[in-house]
1. Only counting other Cβ atoms within 10 Å, I'd like 32, 96 sorted with the fewest neighbours first.
2. Running Debye on segment 32-102 with equal point scatterers at the Cα sites and no solvent, what base-10 log of I(q)/I(0) appears at q = 0.20 Å⁻¹?
3. Which peptide among 83-90, 55-62, 34-41 comes first, and what is the full order, when sorted by highest mean count of other Cβ atoms within 10 Å?
4. Full extension from residue 100 to residue 42: what is 0.36 nm times the residue separation minus their Cα-Cα distance, to one decimal in nm?
5. What is segment 32-102's relative contact order, in percent, from Cα pairs under 8 angstrom and six or more apart in sequence?
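Read the figures in this text as sums done on the coordinates, not as results from a lab. These figures come from a predicted structure and were not determined experimentally. When we count neighbours, we look across all protein chains shown, and the Cβ atoms used for this are built from the backbone with ideal geometry, even at glycine.
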């Protein structure tokens with residue numbers, strides 16, 4: 001008796017992109033966009049000014065890490081997830097690729 005072997009061909013898709021496009025993080029319940037954390041005050045100020053010139057509300061927070069004063073640049077607060085996502089997209093398009101939505 002002969003056994004029949006049935007082979008199925010699977011279609012494989014190969015992407016020519018090196019990485020998948022980055023989508024905004026889910027912003028449900030998130031009211032701010034964290035733009036960056038800086039150890040140099042002038043870098044934080046320059047970043048905040050740049051975001052503000054884009055028409056996005058911005059604030060700078062301070063905290064201490066390892067005995068060093070740090071600055072955190074936050075865009076917001078925003079009233080809705082749609083506004084947060086819009087700001088996140090704008091900030092990332094301005095070159096701040098690591099920005100993310102947060103409370």
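1. On the way: 32 23, 96 20.
Lowest to highest Cβ neighbour count: 96, 32.
2. With no solvent term, the Cα-only Debye profile gives -0.74.
3. Working: 83-90: 20.2, 55-62: 14.2, 34-41: 16.6.
In decreasing order of mean packing, 83-90, 55-62, 34-41 become 83-90, 34-41, 55-62.
4. Working: separation 58, 0.36 × 58 = 20.88 nm, distance 2.17 nm.
So the chain would gain 18.7 nm between residue 100 and residue 42.
5. On the way: 117 pairs, mean separation 29.7, N = 71.
Contact order relative to length: 42 percent.
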